[in-house]
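The values are calculated or read from the model by the stated rules, or taken from the named source; none is laboratory data. Everything numeric here is computed off the predicted structure, so don't read it as measured data. Cβ: placed from backbone, ideal geometry, glycine included. Neighbour counts: every protein chain shown.
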Amino acid sequence: MSLFKNQSLATRVTNPVSLWQREMNNLFDRFGRDFGSVGTDITEFSPKLEIKEKEKHYTICAEVPGIKESDISVSLQDNNLILEGERKTETSKEDEGFFSSEFSYGSFYRCIPLDEEVNPDSVKASYKDGILTVEMDKVKASNHKTKKIPIMKS
């Protein structure tokens with residue numbers, strides 16, 4: 001339980017390992033965003049997150065516009081929420097006998113460490129209008145390791 005009721009998981013630091021993991025994720029997110037597209041057709045991007053923590057519940061929203069629901073993966077592993085996905089776009093144009101085509105691919109991987117254990121059976125993910133929402137209930141510590149979370153249409 002947080003010492004401050006309205007303080008978000010993103011800013012609260014209770015575990016030095018979690019802090020280090022968040023900082024490393026941020027470093028690699030910035031690196032991918034700044035240099036991921038130099039000289040390649042594959043671009044990594046980092047969806048913006050909104051993390052809300054209540055006494056018995058987490059809600060995490062990720063902005064992932066332009067990605068099909070089937071190209072997103074959500075899983076829970078060792079008390080970390082893993083968000084992965086890939087967006088693929090193709091444009092083609094034909095004008096006066098000339099044809100051009102462009103392909104663009106981008107992927108993301110986010111590992112969100114959770115300060116408190118969650119019930120893997122309570123995790124629900126939904127996707128609507130480019131926003132992925134994952135909700136989960138907290139529980140006391142247990143031996144849960146990995147669970148794949150299906151994404152349901154809203």
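Structure notes:
- Among the candidates Gly66, Gly32, Gly85, residue that is over 30 Å from Asp137 (Cα atoms) and either over 11 Å from the mean Cα position of the chain (by Cα) or modelled with pLDDT of 80 or more (or both): Gly32
- Residue list for the stretch 97-115, filter: touching a residue at least 24 places away in the same chain (Cβ under 8 Å) and more than 18 Å from the chain's Cα centre (by Cα): Phe103, Ser104
- Considering residues of the stretch 105-137 that are among the hydroxyl-bearing types (Ser, Thr, Tyr) and assigned to a strand (DSSP E or B) only, the residue surrounded by the most Cβ atoms within 10 Å (Cβ to Cβ): Tyr127
- So Glu94, is it of a type in the set (D, E, K, R), closer than 13 Å to Gly66 by Cβ and either in a strand (DSSP E or B) or without any contact (Cβ under 8 Å) to a residue 24 or more places away in the chain (or both): no
- Of all residues making up the stretch 138-154, the number that are out of contact with any strand residue (DSSP E or B) (no Cβ under 6 Å at 6 or more places or on another chain) and either loosely packed, with under 14 Cβ neighbours inside 10 Å or under 19 Å from Ala62 (Cβ atoms) (or both): 7
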